[in-house]
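Every number here is computed from the coordinates shown, using simple stated rules; none is lab data. Values in this document were obtained by computation on a predicted structure and should not be read as measured data. No Cβ is skipped: glycine too gets one built from the backbone with ideal geometry, and neighbour counts run over all protein chains shown.
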Amino acid sequence: MFNGEQNPLSVKWRQIEAGGFKIIYPRELEREGQRMANTLPFIYAKEGASLNTSTTRLPIVLQNRGVIANGFVQLGPKKSEFFTTPPQAFDSQDWLNNLAVHELRHVAQYDKLSGIQHKPFPELVYFAWMGASIPLWFFEGDAVTTETALTNAGRGRQPAWIMPYRANLLSGKKYSYSKAQFGSSKDVTPGYYQLGYLLSTNIRTQFGKSVFDSVLTDIKKHPLRIYPFSKSLKKYTGKNTETWYKETQTLIAEQWKKQDSLSNTKTYPSKTKTQTFLTDYLLPVTLENKNIIALKRSKATTPEFVIIDSNKNEKSILKIGYQEQPWFSINQDVIVWDEIRYNPRYRQESFSVICTYNISTKTYKQLRFKSRLFSPTLSPDGKKIIAVQVDLSNQFNLVELDANTAEILHKFENNDNLILQTPAYHPDGNTITYISVSEKGKSLWLEEKSGKKLELIKKTRQQISKPVFYKEGIAFNAHYSGLDNVYYLNINSREIMALSASKFGAFHMGPGKNDTEFVFSNYTPQGFEIATSPFNPQKVEADNFVFFGEAAKAQEQTWDVFANIPDSIYPSKPYKKFTQLFNFHSIIPTIDDSYTGGLQLQSDNLLNTVSFFTGVDYYRDLNRFGYNAGLSIKSFFPVFTVNYENRPRRNFYNSNKVIKQGDWRENYIGINARVPISFSALNHNYNISANVGTSYTKRYMLENLPSSFNTTLNFPLNYGLTLQHSIRQAERDVAPRWGQILRLKYFHQPFDTRLGGDLFSTEAFLYFPGIARNHSFLANFNFQEASGVRQYNTEINTVYGYNNIQARSRLKNTLLFNYRFPIAFPDAELGPLAYIRNIRGGMFCHYENIGRETSLLQPKTYGLELHADMNVLRYQPNIDLGTRIVLVNKLYKHNPIFELLLNYSF
């Protein structure tokens, strides 16, 4: 599942059915639900036209409780989710329309491959097959091509979106096909969206509108092949994916070089030190002492505020938490920014809160706790904050807050409910400027508290952003010349002039050391650097933007898919979530181990609150079948799970020194309640999880078992508590660099006097920074005390090699030391076989039953391990392949143990 989180139980849902779509939405979104009911059926035929699909059946859930912009389509269960709160910088069209035109192309792709029936059983098998058959760049690139071709907006028209790839090619950095697709932990790579857009548009330019219809149809007819997409693509175009990549890269490099020759650009010296890996310095501002403050982020460190002096020396001020988009403002030595906070239990609900930090007093404060406030900006005197507020009905307003109490002082009216972005104060503190977005484009506004407003730049497809008052006008970002740069609007004359002429892109203009210069983020192939420029407005150059989607636009013959959308009123009714608990979508194969496998029927409802499965397994060693079912209820504060198994069992026992075999069947019912809680502050994350569970087992069909054999296990109880704290990890961190985990468990049988004994265990994990950046040291102490029937159970972490070394006594405790570190980031492509992103090493020293078997000078096992993250056969899953040599204390008379380690993740 893309998103398995839940909304608070208090959310009231409604639904509309229109043209094959079931639109499910919170009641506050009635207006948006009606709009999407008119929009989605109207545009879908045009979305799927080039794939020869015109109708669909699809549930769409509008999510309004979160503040992180997103949208996706999935199978298992088949549905789409639109997160209705937009980001503070996106396309020049309505946000929900933006989502609709992109996500419905994914629906058309899935319908083409799986059919349009409501339940293309088995959905999860289809989904896994698609992931293995088709590169991710096609899914996303084709969708971006479509969103650009069917509208007057779309990411294909945004120079900033494709800027990293352009910077690489114009700088002579031509990466391998795998690196461009799967990314890098050191360099800037195109990303599969950008890569896919360029490949898709080029293929369509040369082979027409319906080429991907032919390719996907062929894949569906011949599903079980290695590299099916590449082979089908070659069948219809004569070139495989890698050949297309190389040819497209050559083509776009030539066009970008031509654009570069037509553009009068400048080279800006960097105010920051040269970095060996991707590092961004964003939103720079010059302080009174002439130093520069900026938001820094990189592959090796987590986001932080830094101050840079004239010698390029950096001083870290404060590390911060997750932001939807980078943002901060500073005045009077106070930094203000927004961060994401989640509902501790229902993580489908999130908030955007305002944080402040006083550099002089080193005081941090969070102003509100459940707010939906974005892009906060301080007034010149530091006493007020202007911010964008979005309520649950998607009503946008600018609000002015008291900077100390967060009390709302003034709300600016927005009767047309335009999407609002990035406000800024005039030096007089009474006038503001901001960006608005509608389906017709973006506008730049000037507004006073009296309500008087002026549209300085009328609705345009320019990606105007981050306006700030400067001198007698307003500086802002746009791409008038086909490249993103800083521009200047004279308020009186309305004339627009260019302030920067960056080769790749200039953003985030801030005041300089004096009135004659300004500071900004200048894009380079190594990321955003800080640069300065004198204030010298120049005439805006001609637009030399290279539009790669021109042929696809002409092929679609649709100037604007959102023109003439109907405005009907559809009947809506409550969505009764308690009658929509089951939604069977897949039968999937299951393999528990080398002896057990079977089939499982799965159900997940559309709101992620109830999951159910039932299945059958075949036990090869017993030549018998077992049956199972499980139910998980996730809508309440505790998560309740119930599992049932009817399973065959076998045991061997000693009877008068003769080993005998006994068989039986048993019915097992297990019940568990768990409360997962998580929250964050700045770059610190906290998690609490508590659970309690019990079970009942009834054994029957006893064969060759002693008369003393227990036929019932009556409600043994187990309890668990986990407390966790960690700091945010950087991309290149191999493990947490600072964190603590305490885990407690207890098992006993209070309702079954025949089975005495209990077990208590505790595990403590302490993570520390290593001797170099991105290194991590873990000290893990574990203890358990067991008796009776549980005396041989193991509930704690064991030493490496534990299962291969004969025990000398019952396990009581372990002390595990692990040191992990990155070795290299090779980004090595081994032809079509593998792409290796990083190589990591580790050392370990493990003790068992300290004081009884081992001492600090005599560990039980120790050794080395080596790992590599890679993508195999150019498929999306990340493979962690490793090896470990375990050296064993001579006390145990055991040879070294060699282990092969394999894990994968999506």
Least to most buried among SER185, SER655, SER232 (fewest other Cβ within 10 Å first): SER655, SER185, SER232
[x] 30.4, 105; [y] 37.2, 135; [z] 34.7, 108, with the label sought being that of the calculated Rg and Dmax of the Cα atoms in Å: [x]
Cα shape, segment 798-906, gyration tensor, a/c 1.5 rule: prolate
Segment 449-512: GluC sites (Glu not before Pro) in DSSP loop, at most 16 other beta carbons within 10 Å: GLU472, GLU495
Sum of -39500 (n - 2.57) over DSSP H runs of 4+, divided by residues of the chain (222 nm, nearest 500): -5000 deg cm²/dmol
Backbone HN-Hα couplings from phi across segment 752-767 [Karplus 6.51/-1.76/1.60, Hz, Gly and Pro as x]: 9, 5, 6, 10, x, x, 8, 8, 10, 9, 9, 10, 10, 10, 10, 9
Too-long pairs where the Cα-Cα distance tops 18 Å, listed order kept, from LYS258/LYS503; LYS290/LYS315; LYS290/LYS362; LYS12/LYS577: LYS290/LYS362
Proxy reagent accessibility, fewest Cβ within 10 Å first, across ILE850, ILE408: ILE408, ILE850
Shape call, segment 335-402: gyration tensor on alpha carbons, a/c limit 1.5: oblate
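Using 0.36 nm per residue of separation minus the Cα-Cα distance, give me the extension gain between GLN876 and VAL546 in nm, one decimal.
That works out to 115.8 nm of additional length.
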Size of charge dipole - segment 585-634 - debye, nearest 20, with Cβ of Lys, Arg +1 and Asp, Glu -1, no other charges: 120 debye
Between segment 4-37 and segment 540-617, the alpha-carbon center distance in angstrom: 15 Å
Spatially proximal lysines relative to LYS452 (Cα-Cα < 18 Å; intrachain offsets below 8 disregarded): LYS411
Relative contact order [Cα under 8 Å, 6+ residues apart], segment 585-634, whole percent: 29 percent
Sites PHE768 and LEU287 - FRET efficiency at Förster radius 25 Å, r taken between beta-carbons, to 0.05: 0.15
Nearby aspartates and glutamates by direct alpha-carbon distance to LYS812 (threshold 16 angstrom, same-chain neighbours under 8 apart not counted): ASP758, GLU763, GLU785, GLU795, GLU848, GLU853
Magnitude of the charge dipole, the chain, Cβ model with Lys/Arg +1 and Asp/Glu -1, debye to 20: 1840 debye
Using θ = phi - 60° and Karplus 6.51 cos²θ - 1.76 cosθ + 1.60, couplings along segment 85-100 (whole Hz; Gly, Pro as x): 7, x, x, 8, 7, 7, 6, 9, 8, 4, 5, 5, 5, 4, 5, 4
Local electrostatic count, GLU400, Cβ distance below 9 Å [Lys/Arg +1, Asp/Glu -1]: +2
Whole-Å distance, taken between Cα centres, linking segment 449-487 and segment 259-291: 21 Å
Beta bridges per DSSP with both ends in segment 17-152, % antiparallel, nearest 5: 45 percent
Relative packing of 894-906, 660-672, which averages over residues the other C-beta atoms within 10 Å, highest first: 660-672, 894-906
Inter-label distance for ARG368 and MET843, nm, one decimal - labels placed 7 Å from Cα along Cα-to-Cβ: 5.2 nm
log₁₀ of I(q)/I(0) at q = 0.13, 0.14, 0.24 Å⁻¹ - segment 556-661, Debye sum with one point per alpha carbon: -0.73, -0.78, -1.24
Local electrostatic count at THR524 - Lys and Arg +1, Asp and Glu -1, tallied over other residues with Cβ under 14 Å: +2
Built amide H within the under 5 Å cut-off of ARG624, gap 5+: TYR619
Listed pairs LYS319/LYS384; LYS271/LYS319; LYS173/LYS221 exceeding 30 Å between Cα atoms: LYS173/LYS221
Of the trypsin sites (Lys or Arg not before Pro) in segment 277-324, those whose Cβ has at most 14 other Cβ within 10 Å and which sit in DSSP loop: LYS290, LYS312
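What do you get for chymotrypsin sites (Phe, Trp or Tyr not before Pro) in segment 335-371 restricted to DSSP loop and a cutoff of at most 13 other Cβ within 10 Å of the site's Cβ?
Answer in residue order: PHE369.
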